[in-house]
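Undergrad: Just dropping this structure here.
FYI, it's all coordinate maths here, none of it is from the lab. As the structure is a prediction and not an experimental result, all values here were calculated from the model. Neighbour counts run over all protein chains shown; Cβ positions are idealised from the backbone, glycine included.
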Amino acid sequence: MAVTTPSPPSFGGVGSTWLAFRQATGHVARDGDIVVLRSNDTSAWQDSIRLDVSGDDRDPQLLPTKDRLFLYINSLNGDSFAVSLSFTDDGKVWSEPRQVYASGFIL
């Protein structure tokens, strides 16, 4: 999922494009982690954060607001899903992911 931050956000991402994706050894592998990249020109990309939240992390979703960039993460542990949330106010430091829905729900 890619988003371009609204202008002017106060969290420091003016004009930045953000890309979040799952990285794993295979499509059905249970070792997925989340990667978030940032670019000011869509040619050069920098790591913003890499997360191993819980089990197989997948389907990251970015939500930019005026003050924050939110990242929702779906994690599969065994046969149960959990949804976690992390956010950044400056595009550099991210909060610890915290589960936001009851286990079994997925975004």
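Undergrad: Of the listed values (i) 13, 22, 13, 11, 10, 12, 11, 6, 2, 0; (ii) 16, 47, 29, 8, 0; (iii) 11, 25, 26, 21, 11, 5, 0, identify the label whose number matches P(r) over Cα pairs in 10 Å bins from 0, in percent calculated from this model.
TA: From the options (i) 13, 22, 13, 11, 10, 12, 11, 6, 2, 0; (ii) 16, 47, 29, 8, 0; (iii) 11, 25, 26, 21, 11, 5, 0, the structure gives (ii).
Undergrad: Taking the mean number of other Cβ atoms within 10 Å as a proxy for protection, how do you rank 83-91, 21-29 from highest to lowest?
TA: Output ranking for 83-91, 21-29: 83-91, 21-29.
Undergrad: Compute, for the stretch 2-99, the length of the dipole vector about the Cα centre, with Cβ point charges of +1 (Lys, Arg) and -1 (Asp, Glu) only. Units Debye, rounded to 20.
TA: 200 debye
Undergrad: Across the stretch 49-58, in residue order, what do the Karplus-derived ³J(HN,Hα) couplings come to in whole Hz, using 6.51 cos²θ - 1.76 cosθ + 1.60 with θ = phi - 60° and x for Gly and Pro?
TA: Working through the residues one at a time gives 6, 10, 10, 10, 6, 5, x, 9, 8, 7 Hz.
Undergrad: Give me, ordered by chain and number, the residues 5 or more places off Gly15 or on other chains with an amide H under 5 Å from its own placed amide H.
TA: Thr5
Undergrad: Turning to a different aspect of this structure: Using each residue's phi in the stretch 18-32, evaluate 6.51 cos²θ - 1.76 cosθ + 1.60 at θ = phi - 60° and report the 3J(HN,Hα) Karplus result to the nearest Hz, with x for Gly and Pro.
TA: So the J values, rounded to whole Hz, are 10, 10, 10, 8, 8, 10, 8, 6, x, 4, 9, 5, 9, 10, x.
Undergrad: Starting from the Cα-Cα distance between Arg50 and Arg30, subtract it from 0.36 nm times their residue separation and give me the gain in nm to one decimal.
TA: Stretched fully, the Arg50-Arg30 segment lengthens by 5.5 nm.
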